[in-house]
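Worksheet for the structure shown next.
The values are calculated or read from the model by the stated rules, or taken from the named source; none is laboratory data. This structure is a prediction, so every number in the text was calculated from the model and none was measured. Backbone-built Cβ (ideal geometry, glycine too); neighbour counts: all protein chains shown.
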Amino acid sequence: MYDGIFPSKYSWKIIIKKAVLDLDKQRRCDHLLTNVSLSPILESIIQVNQPSLLWSVAIQNPVLLKLCKSLIQMVCFWGSRNWISQCNQCNKLTDKIIEHRLLYCTEVEEIRDKLWCYIFTSYSTELYLNLINYSAVDQCVWVIEQAINDLLHKNDKNMAIFVRDLCDLI
Ligand SMILES: [Zn+2]
């Protein structure tokens, strides 16, 4: 291209596709890494130059592989998406699909009620009362972070299953 010869149509498509995809990939990566809300969650699952801690859990207990995969997909989905998508449960359009599913979607109310009952009975009442006063984003961060930490440190998958069932996006 720099020698004055325009590339073939095929080569030009590859150049454009690579330039657009690489740029988009970099933007999504930057968005994920600079998202302050997500940092507690990312710190729970990401280690520098190491596989995610959730993969270690999955290796030790292969039964949990699908659950760990769902959690990682959900965190990446949340961190990298900042465009409008349609909820596959209630068909509403939203640019905050994870918040929508965890907190507002009318089609998964039953699962959400079970999650909040579980939080109320399994953690302290004081924590529950504080939690309901958190912002929507902070509630989501707490729920996901707790689900991951329970799985990583207590081998307790209850919260993770609720989160997976609520956010079954793909
Ligand atoms: Zn919905």
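A quick yes/no check of all residues on (1) farther than 19 Å from CYS90 by Cβ; (2) surrounded by fewer than 15 Cβ atoms within 10 Å (Cβ to Cβ):
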| site | (1), (2) |
| --- | --- |
| ASP113 | no, yes |
| TYR118 | yes, yes |
| GLU126 | yes, yes |
| LEU131 | yes, no |
| ALA136 | no, yes |
| GLU145 | yes, no |
| PHE162 | no, no |
| CYS167 | no, no |
Within the set of pairs 6 or more residues apart or between chains, which connect a residue that is in a helix (DSSP H, G or I) inside the range 125-141 to a residue that is of a type in the set (Asp, Glu) with Cβ atoms less than 8 Å apart? ALA136/GLU99; VAL137/GLU99; CYS140/GLU99
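With the structure loaded, tell me whether ASN149 is part of a helix (DSSP H, G or I), closer than 22 Å to LEU64 by Cα and polar (S, T, N, Q) or whether it fails that test. So that I can check it myself, show each step before the final result.
On the way: part of a helix (DSSP H, G or I): yes; closer than 22 Å to LEU64 by Cα: yes; polar (S, T, N, Q): yes.
Yes.
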Inside the range 60-92, can you point out the residues that are more than 13 Å from LEU152 (Cβ to Cβ) and either exposed (fewer than 13 other Cβ atoms within 10 Å of the Cβ) or not assigned by TED's automatic domain parsing to the domain that holds LEU42 (or both)? PRO62, VAL63, LYS66, ASN82, TRP83, ILE84, GLN86, ASN91
Please specify each residue of the range 80-95 satisfying the condition of being touching a residue at least 40 places away in the same chain (Cβ under 8 Å) and either within 13 Å of the ligand (Cβ to nearest atom) or in a helix (DSSP H, G or I) (or both). SER80, ASN88
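Would you confirm, using the coordinates I've provided, whether ILE161 is part of a helix (DSSP H, G or I), more than 15 Å from the chain's Cα centre (by Cα) and β-branched (Val, Ile, Thr)? Walk me through how you get there before you give the answer.
Numbers: part of a helix (DSSP H, G or I): yes; more than 15 Å from the chain's Cα centre (by Cα): no; β-branched (Val, Ile, Thr): yes.
So ILE161 fails the test.
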Boolean, THR106 is of a type in the set (S, T, N, Q) and either under 28 Å from ARG28 (Cβ atoms) or away from the ligand (no atom under 16 Å from the Cβ) (or both): no
Give me the pairs, please: first residue somewhere in the range 20-37 and under 15 Å from VAL75 (Cβ atoms), second residue anywhere and in a loop (DSSP other than H, G, I, E, B) and among the polar types (S, T, N, Q), beta-carbon distance under 7 Å, and either six or more positions apart or on two chains. HIS31/ASN82
